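Asker: Sending over a structure as structure tokens; questions will come in a sec.
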Amino acid sequence: MASLSTSALEIGPSARPALSLRSAIPDFLALTKPEVNFLIVIATFSGFYLGYSGDLHNFPIERMLNALCGTLLVASGTGTLNQYLEHRFDARMRRTSRRPIAAGRLSPQAAAWFGISLSIAGSVYLLVTVNALSSALAVFTATTYLFIYTPLKRKTPLCTLAGAVPGAMPPLIGWAAASGTVANANAWTLYAVLFLWQFPHFMAIAWMHREDYARAGYLIFPAKNAGRFSAWLTGVPALALFIAGIGAVAANRGGILQYCGTIVLGLGLLYCASRQILLPSRITARQLLKATIIYLPLQFLILILRRG
């Protein structure tokens, strides 16, 4: 970072000729998508905590912190490189036009090097301080997200399915960091929860900003029957998530309070999903989005409480 030249931080011709590194820090931070990383850290921690089978009195805090740090670095690099790859399209969308590269506050070259550095640093950090499996899973997540999901967003509405595969990897990374394996059914129940959660979450965002996505050339919805497509990708995964949540509690030997909490969360999400399906609007989509944001951290909290 300190070696970046000022030319790499150039902004638009109508603004100042160069941007100081200190004033660019908030923009570099924004590139990493902190709000997304918050959920990634929660999911990774949950995977690690539940994947550790030893005595909690000997809980490997240092290894856990290393796992979280490495995963956060890779996720930050991936988020940055995603904005680098899509900055021309981001500039066409009201929702993303103020992002650092799209708005011209940072050059694409500076963002690219920043993202590459974070991704490599995180992968190597996981390899050295945790284990090879967690590093390999992180590399898989970054590469499939950037080179499969990202280009597919402009080619097919099935991109959401492709993106959900790497998007659900954080619990597996955490589990692998704790146990050295992902050959465990409990680990995959966590994966299933996060995999299914992404559909109502992203469909809510996509419906709220569907004109924006269309303006930028993203094929989030098919040209015809967009409402029906959204309903299927919202309702079916939301129902499956309700079942997967209960299954995750059972797999992790939860008690009555955890079953009750999971059922309440799942019914709340199903209610908001059904409203979006039956009465699709920006209002119901925003309500569904809020419900998904509430659901995920609380569901993982419920799961880890079984060892409290």
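Asker: For residues in region 293-308 being open to solvent by less than 10 Å² (accessible area, probe 1.4 Å) and aliphatic (A, V, I, L, M), which is nearest to PHE38 (Cα to Cα)?
Answerer: Only one residue fits best here, namely LEU296.
Asker: Could I ask something else about it? In the set ARG63, ARG94, which member is in a loop (DSSP other than H, G, I, E, B) and in contact with a helix residue (DSSP H, G or I) (Cβ under 8 Å, 6 or more places away or on another chain)?
Answerer: It is ARG94.
Asker: Let me ask another. I'd like the residue in region 60-73 that is open to solvent by 10 Å² or more (accessible area, probe 1.4 Å) and within 25 Å of ARG22 (Cα to Cα) and, out of all such residues, is nearest to the chain's Cα centre (by Cα).
Answerer: Restricting to residues being open to solvent by 10 Å² or more (accessible area, probe 1.4 Å) and within 25 Å of ARG22 (Cα to Cα), the top hit is LEU72.
Asker: Let me ask you something else. For region 272-292, enumerate the residues that are of a type in the set (A, V, I, L, M, F, W, C) and surrounded by 14 or more Cβ atoms within 10 Å (Cβ to Cβ).
Answerer: CYS272, ALA273, ILE277, ALA285, LEU288, LEU289, ALA291
Asker: Name the pairs whose Cβ atoms lie under 9 Å apart, with the first residue in region 46-58 and closer than 12 Å to TYR191 by Cα and in a helix (DSSP H, G or I), the second open to solvent by 30 Å² or more (accessible area, probe 1.4 Å) and at pLDDT below 90, and 6 or more positions between them or separate chains?
Answerer: Filtered contacts from region 46-58: no entries.
Asker: Moving to a separate point now. Out of curiosity, is GLY266 in a helix (DSSP H, G or I), without any contact (Cβ under 8 Å) to a residue 40 or more places away in the chain and either crowded, with 19+ Cβ neighbours inside 10 Å or acidic (Asp, Glu) (or both)?
Answerer: yes
Asker: Could you list, in sequence order, all residues of region 77-101 that are among the polar types (S, T, N, Q), closer than 17 Å to GLY115 by Cα and open to solvent by 10 Å² or more (accessible area, probe 1.4 Å)?
Answerer: THR78
Asker: Say we look at region 247-257 and pick out the residues that are farther than 15 Å from VAL193 by Cα and open to solvent by less than 60 Å² (accessible area, probe 1.4 Å); which of these is modelled with the lowest pLDDT?
Answerer: Result: GLY254.
Asker: Search region 289-306 for residues that are within 21 Å of LEU50 (Cα to Cα) and pair each with any residue that is charged (D, E, K, R) and open to solvent by 70 Å² or more (accessible area, probe 1.4 Å) when their beta-carbon atoms are under 9 Å apart and the residues are at least 6 apart or on different chains.
Answerer: Hits for this filter: ARG306/ARG253.
Asker: Among the listed residues ILE116, ILE173, which satisfies the condition of being under 14 Å from LEU81 (Cβ atoms), among the β-branched types (Val, Ile, Thr) and either modelled with pLDDT of 95 or more or open to solvent by less than 30 Å² (accessible area, probe 1.4 Å) (or both)?
Answerer: The match here is ILE116.
Asker: Shifting gears a bit: Suppose the filter is outside any helix (DSSP H, G or I) and either over 20 Å from the mean Cα position of the chain (by Cα) or touching a residue at least 40 places away in the same chain (Cβ under 8 Å) (or both); does PRO237 pass it?
Answerer: no
Asker: Out of the residues in region 192-220 that are aromatic (Phe, Trp, Tyr) and open to solvent by less than 30 Å² (accessible area, probe 1.4 Å), which is farthest from GLN276 (Cα to Cα)?
Answerer: TYR218
Asker: Would you confirm whether any residue within region 226-237 is closer than 17 Å to VAL36 by Cα, surrounded by 20 or more Cβ atoms within 10 Å (Cβ to Cβ) and modelled with pLDDT of 95 or more?
Answerer: Looking for residues that are closer than 17 Å to VAL36 by Cα, surrounded by 20 or more Cβ atoms within 10 Å (Cβ to Cβ) and modelled with pLDDT of 95 or more, one finds none in region 226-237, hence no.
Asker: Could you say whether any residue in region 111-129 is touching a helix residue (DSSP H, G or I) at 6+ places or on another chain (Cβ under 7 Å), within 25 Å of LEU239 (Cβ to Cβ) and in a helix (DSSP H, G or I)?
Answerer: No.
Asker: Could I ask something else about it? Can you name every residue in region 120-131 that is surrounded by 24 or more Cβ atoms within 10 Å (Cβ to Cβ) and under 14 Å from SER76 (Cβ atoms)?
Answerer: Within region 120-131, GLY122, LEU126 meet the criteria.
The values are calculated or read from the model by the stated rules, or taken from the named source; none is laboratory data. These figures come from a predicted structure and were not determined experimentally. So basically every Cβ, Gly included, is an ideal-geometry build from the backbone, and we count neighbours across all protein chains shown. To get the accessible areas, we keep the full protein, side chains included, count just its heavy atoms, and leave off ligands, DNA and RNA. Shrake-Rupley method; radii C 1.70, N 1.55, O 1.52, S 1.80 Å.
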